[in-house]
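What follows is a short report on a single structure.
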Amino acid sequence: MRNLLLAGAAAVLIMPMAASAQSNVEGRVGKLESEMRAVQRKVFPGGAGQYVQPQITAPQTQAQVSGVPATSALTDLTARVTALEEQLASLTGQIEQSGYRTRQLQDQFDAYKRATDARLKALESGPAPIAPAGQSAPLDTSADGTAATPARPGRAPAAVVASGDTASSGSATPVDKPSTGDPAEDAYLYGYRLWAAKRYAEAETQLKKVVADYPKSRRASFAQNLLGRSYLDSGKPSLASMAFYENYKKFPDGERAPDSLLYLGQALTKLNKAADACKVYDELTDVYGAKISGTMKTQIEAGRSAAKCK
């Protein structure tokens with residue numbers, strides 16, 4: 001009888017304690033679920049049913065082993081909840097670290113972009129290029145729109161001379177559109193006249209149009225080369241270098257491909273890339289050595305001297 005009374009008293013004491021422990025676990029589980037949903041929203045802001053699978057899963061239901069205390073299930077559940085809380089804390093910390101690193105990378109990229117933009121702006125606003133020693137007249141500046149190089153074929157109509165538009169005429173000089181009956185020829189000559197009148201922005205727009213509209217015309221090589229000249233004359237050696245390279249790349253057999261390599265070397269020298277300029281002069285001599293005139297050879301030597309080529 002005494003044992004029965006003791007067992008009853010123990011049961012009366014254990015039941016409230018178990019209920020209290022269960023209530024405490026349920027509170028922790030509710031808080032854990034709330035925090036987990038917050039983390040899920042942060043990891044997967046778009047939703048779409050994406051969830052992190054827990055590393056701790058409920059064990060398969062097993063038969064109750066006789067002799068195991070009634071509180072063992074509650075103890076196991078408490079341990080699992082504690083493990084989940086630790087995992088949640090770890091995951092939250094990782095997310096915060098990842099966000100911090102992302103912000104650092106973004107700040108570094110923004111700083112690099114600002115510095116690069118500043119350098120490019122400084123390069124583009126540099127002084128206008130000086131023609132190399134020994135060059136009596138710039139390429140593409142003769143009255144007929146062709147280079148001063150004697151060996152260059154192809155004379156343009158004398159309409160350019162009649163217009164009175166020369167490189168020294170100034171931006172106020174009226175620029176007339178030629179009419180030769182050849183659309184490609186007219187388009188190029190108009191771009192040349194704009195360039196000769198120092199209306200560089202208009203000339204660049206017109207010359208780009210020539211290359212885009214008449215890529216099969218011989219004047220495409222002339223226009224692309226003169227586009228680079230316009231950039232170079234207006235103090236934009238970086239854009240000029242790209243235009244000259246494009247002419248050599250797109251029209252290697254064009255009449256102005258050698259001229260573009262010559263001026264590409266000058267542009268690179270202006271950009272403090274002397275080693276690259278020397279490679280360009282070597283390329284010019286290797287590829288077009290048998291075709292270039294004595295005047296251009298003199299210009300190449302002057303360019304190599306300016307770049308201090310070995």
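None of the figures in this text is laboratory data; all of them are computed from the coordinates on show. This one's a predicted model, so the numbers in the text were calculated from it and none came from an experiment. Ideal geometry is used to build each Cβ from the backbone, glycine not excepted, and the neighbour counts take in all protein chains shown.
Numbers for the structure displayed
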{"quantity": "Extended-chain gain in nm, criterion 0.36 nm per residue less alpha-carbon gap, Ser293 and Thr78", "calculated": "68.2 nm"}
{"quantity": "Modelled FRET efficiency - R0 45 Å, Glu35 with Ala118, Cβ distances, 0.05 increments", "calculated": "0.45"}
{"quantity": "Base-10 log of normalised Debye intensity for region 177-293 (one unit scatterer per alpha-carbon) at q = 0.15, 0.19, 0.21 Å⁻¹", "calculated": "-0.62, -0.94, -1.09"}
{"quantity": "Extension gain, Asp176 back to Asn272 (0.36 nm per residue minus Cα-Cα distance, nm)", "calculated": "30.7 nm"}
{"quantity": "In nm, spacing of pseudo-spin labels at Ala212 and Gln97 (7 Å Cα→C-beta vector)", "calculated": "5.2 nm"}
{"quantity": "Anisotropy class of region 229-310 from Cα gyration tensor, a/c 1.5 cut", "calculated": "oblate"}
{"quantity": "Lys279 versus Gln108: modelled label distance in nm, points set 7 Å from Cα along the beta carbon direction", "calculated": "2.7 nm"}
{"quantity": "Anisotropy class of region 211-253 from Cα gyration tensor, a/c 1.5 cut", "calculated": "prolate"}
{"quantity": "Listed residue pairs exceeding 27 Å between alpha carbons, taken from Lys177/Lys270; Lys198/Lys270; Lys216/Lys310; Lys216/Lys291; Lys216/Lys270; Lys208/Lys297", "calculated": "Lys177/Lys270; Lys216/Lys310; Lys216/Lys270; Lys208/Lys297"}
{"quantity": "Nearest-0.05 FRET efficiency for Gln87 and Ala201, computed from C-beta distance (R0 51 Å)", "calculated": "0.20"}
